[in-house]
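What follows is a set of notes on a single structure, which appears directly below.
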Amino acid sequence: MRGFGVKSVLTGCLILGLAAAGCATSGDVTTAQSEASEALRVAHEANEKATAAVADAAAARTAADTAAEEARRASEKSDRIFQRTLHK
């Protein structure tokens, strides 16, 4: 998933470059190259943010699993206490 955005941008840049080379002035090519570079920079930035989001989600999942396990233990303990009160 991470590489999909970068590959799309690179493909778009290649197409844009080929189209510009065939029917544009050097100023147009320079502009297209500049826009392609900016698009690639944005794609890399988005990729970094997505990677950070995946790491955050993994940490949140770990915390949720830990909390669920603690809740299960607390529930079992309260059940044992309740069962003892019934036997008294």
inquiry  = Leu86 - would you say it is surrounded by fewer than 12 Cβ atoms within 10 Å (Cβ to Cβ), modelled with pLDDT under 90, in a helix (DSSP H, G or I) and not aromatic (Phe, Trp, Tyr)?
reply    = yes
request  = Confirm whether Ala50 is touching a Lys or Arg at 6+ places or on another chain (Cβ under 9 Å), at pLDDT 95 or above and either part of a helix (DSSP H, G or I) or of a type outside the set (Lys, Arg) (or both).
outcome  = yes
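Hey, among Ala24, Ala71, which residue is modelled with pLDDT of 95 or more and of a type in the set (A, V, I, L, M, F, W, C)? Even if it seems obvious, please write down each step before you answer.
Details: Ala24 fails: modelled with pLDDT of 95 or more.
Exactly one residue qualifies, and that residue is Ala71.
The values are calculated or read from the model by the stated rules, or taken from the named source; none is laboratory data. The model shown is predicted, which means the values in this text are computed figures rather than measured ones. So basically every Cβ, Gly included, is an ideal-geometry build from the backbone, and we count neighbours across all protein chains shown.
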